[in-house]
Amino acid sequence: MSTSTVEAPATRPERTGFGRRLVSANTFWIGLVLVGLYLGFSVLAPSAFPTLFNFQTLLIEASVLLVLSVGMTFVIITSGIDLSVGSVLVFAGVVGAKAMEALSPGHDATSAGWGVIAVGLVAALTGGAVWGLANGLLIARAKIPPLIVTLGSFGAALGVAELVTAGVDVRTVPQALRRTLGYGTSFVVVPNLVLVAVVVTVLGGWLLHTTRFGRYTYAVGSNAEAARRSGIGVTRHLVLVYLITGLLAGLGGFMSLAYYGTTTISGHSTDNLNVIAAVVLGGTSLFGGVGSMLGSVIGVFIPAVLTKGFVILGVQPFWQPVAVSAVLVAAVWFDQRRRRTQDRR
Amino acid sequence: MGEPILELRGVNKSFGPVHVLHDVDFTVRAGEVTALVGDNGAGKSTLVKCIAGIHSMDSGEVRFAGSPVHVHGPREAAALGIEVVYQDLALCDNLDIVQNMFLGREQLRGGLLDEAEMERKARQTLASLSVRTVKSVRTLVSALSGGQRQTVAIAKAVLWESRVVLLDEPTAALGVAQTRQVLDLVRRLAEQGLGVVLISHNMADVFEVADRIATLYLGRMVAELPAKEVTHSQVVELITAGRSGDLGMARPEAATV
């Protein structure tokens, strides 16, 4: 065996130019938009907008969507889509609430203790995970397009939730749960709901950006065949991604239960679109293989800040979806243009 | 010459009623480039996929480094040190060179991806192959030219102390200069002691780098000869007719399936 090994050059980690990479990233620009919006509203309504209370409610109202968007980020990076998150959230909330009622005397869970609440949480998470698993198996094993599968579970999960409750919201939610997770705060000013969302998001970001699981998520979305040939269990990975998304929708259902004190069956019909819009706004590409958790966080807050700002300024809130949609279409347009220039090289 | 590192004896493979490989014998020698040639549908890609563990063989014996082995999947083939570089490359466009080279075999530290170490090893591998065409190992594959992609795919295959590398038409989509680079790279792989299999339709490429030429004709191995002992036109006849003078099959009619 003749060795023609060339001396390896001094190998120190490459400096890719953090500043340059930052500016070229979509996340940077969309983040600037968010900061600009926040500053703009603060200037226009200096006494009402940049207040602690306003900031807290902004975060609280965004926290459930944030939890959903963590799962959605994974799904969209695999070049999939999950339309069912809102319905699964409702289903999980119903299952959790019903479980807590069933364990309470007179089917009134208002004064239930922590044991019952824990059972409710497990029931909600399981309810979410079951739908996630069903989505994942149908998409990865049966190879049905994700759009169709989750459109089906979008309808089915909501339908089942309504069957279970006969269409009437469950209103007896344990006071202990509402006081703590619902509107309690930790560290003086941090709402607990927000704390949960932050923990979930940080864990999601960690999973996506520093682990094998995250790397495989990008690989599957970028080129599933290449991933398979590299020995990655693509089917298993996709099932896991949809399972996680379902599980997080279950958690979202429980959080929403704690916050609203009711199952809000009819209140989540557009959650799926809001979450997808947020993730795409954040620079995650619907074509798969590209995206970041930070981007999704920013994407969640742009519509939230717009809504809050419009309310405070007295602009008709109906302008909010118009504004968000315009930003969304613009974001996708930029993404495609960027891709085209890349392909041209 | 080189020791046989991978030996196939009497390999048969059918897809339903279609008998694709008939009693194929094939030997890959360490430190040599063995060209695998044949017309479209002769069974070249099927043979490669059988070696790589993507298809199972119906019958036949495989010996690796002298001992019999059974390969049941791409991972097992990779564990033996058999790597395949596919025609369509199978790289992830949205990942960079390091991420692609380590895809499926990421190095971890404390359960997390060890980017610095992977980057170091990737750079070392590229340097050992004298690759100078890639500016940064953190370039996204989508930004690379065809030749650079081929280089990355080949480097990915040799990163793992592999002993046999199978290249499926590595120069098919490349320009003159890029073909030049890839052929140099193929030669260097053999010089490093690897057994290299080169599938190609381009006779000029084959005669330039191959030590031995194996010809498949309608699923049969009709000749496996040192490149020096055959001429260009003989190989073309073997590919198209299955025989050339006293080389190849005795009775071509027998080959009609």
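Summarising the label geometry, the points placed 7 Å from Cα in the beta-carbon direction at residue A:225 and residue A:186 lie 4.8 nm from one another.
Among the lysines of the protein assembly as shown, pairs that are 8 or more positions apart or on different chains and have alpha carbons within less than 29 Å of each other number 13. On a 0 to 90° scale, report how tilted helix A:319-344 is relative to the longest principal axis of chain A, with both axes built from alpha carbons and the result rounded to the nearest 10. Rounded to the nearest ten degrees, it is 20.
Computed from Cα atoms, the angle from the helix A:212-222 axis to the main principal axis of chain A rounds to 70 degrees. Relative intensity of the stretch B:27-91 on a log10 scale, I(q)/I(0) at q = 0.20, 0.29 Å⁻¹, equals -0.94, -1.51, per a Debye sum over C-alpha point scatterers of equal strength in the absence of solvent.
On the principal axes of its alpha-carbon atoms, the stretch B:95-182 has extents of 45, 29, 20 Å, going from largest to smallest. Along each principal axis, taking the top coordinate minus the bottom one, the Cα set of the protein assembly as shown gives 93, 51, 41 Å in descending order.
Remark: spin-label model distance residue A:107-residue A:142 equals 3.3 nm, labels positioned 7 Å along the Cα→Cβ axis.
Once Rg and the Kirkwood radius are both taken over the C-alpha atoms of the stretch A:178-308, their ratio Rg/Rh works out to 1.02. Segment residue B:61..residue B:228, full-extension length gain: 57.3 nm, with 0.36 nm per residue of separation and the alpha-carbon distance subtracted. The tail of the calculated P(r) for the stretch A:109-230 beyond 25 Å holds 48 percent of all Cα-Cα pairs. Extension gain, residue A:270-residue A:175: 0.36 nm per intervening residue step, less the Cα-Cα distance, totals 31.4 nm. Which residues in the stretch B:198-219 have a backbone N closer than 14 Å to a point placed 7 Å from the Cα of residue B:15 along the Cα-to-Cβ line? Residues B:219 qualify, since their backbone N sits under 14 Å from the label point.
Only alpha carbons enter this Debye calculation for chain B, each as an equal point scatterer, and the log10 of I(q)/I(0) it gives at q = 0.08, 0.11, 0.13 Å⁻¹ is -0.32, -0.59, -0.82.
Solvent-free Debye calculation, one equal scatterer per alpha-carbon of the stretch A:30-339: log10 I(q)/I(0) at 0.14 Å⁻¹ equals -1.06.
If you plug the beta carbon distance of residue B:135 and residue A:286 into 1/(1 + (r/R0)^6) with R0 = 35 Å, you get a FRET efficiency near 0.70. Any chance you could give the angle, 0 to 90 degrees and rounded to 10, that helix B:232-241 forms with the longest Cα principal axis of chain B? Helix B:232-241 sits roughly 70 degrees off the main axis of chain B.
Each value in this text was obtained by applying a stated rule to the coordinates, not by laboratory testing. What you are looking at is a predicted structure, and each value in this text was computed from that prediction instead of being measured. When we count neighbours, we look across all protein chains shown, and the Cβ atoms used for this are built from the backbone with ideal geometry, even at glycine.
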